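What follows is a single structure, written as structure tokens, with notes after it.
Just so you know, all these numbers are worked out from the coordinates, no wet-lab data involved. Note that the coordinates shown come from a computational prediction; the quantities given were computed from them, not determined experimentally. All Cβ positions, even for glycine, are placed from backbone atoms using ideal geometry, and neighbour counts span all protein chains on display.
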Amino acid sequence: MHTMEDTAAATSGPTERVRKVLFSVLGASLDVSRVDPGADLWEAGMDSLLSVSLLVALEDEFDVEFPDELLTRETFSSVERITAAVGTLVEE
């Protein structure tokens, strides 16, 4: 049986789901709601420890595992790049 959360997750776009995860992980560090999808998250205040927390949260949210080749600073540099990476993993 699906919960309301499952339904909401299934009907919201991947970009909004990525933003939700970003807010849960980075909310105290930066105002994610004001971050443009193409804005550099590293310049906005993300660091390596936060990127690992973000990685784990994204894997949990989307039920995926990031392969080694996607574990780069570039992959986690913006909402757009994160959404694109997640999109390739969800399609598999």
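Things to note:
- Separation in nanometres of the label points that stand 7 Å from Cα toward Cβ, at GLU43 and ALA28: 2.7 nm
- Rg/Rg_ref, the range 20-92, where Rg_ref = 2.2 N^0.38 Å and atoms are Cα: 1.00
- Computed from the C-beta positions of VAL52 and THR88 and an R0 of 25 Å, the FRET efficiency is 0.80 to the nearest 0.05.
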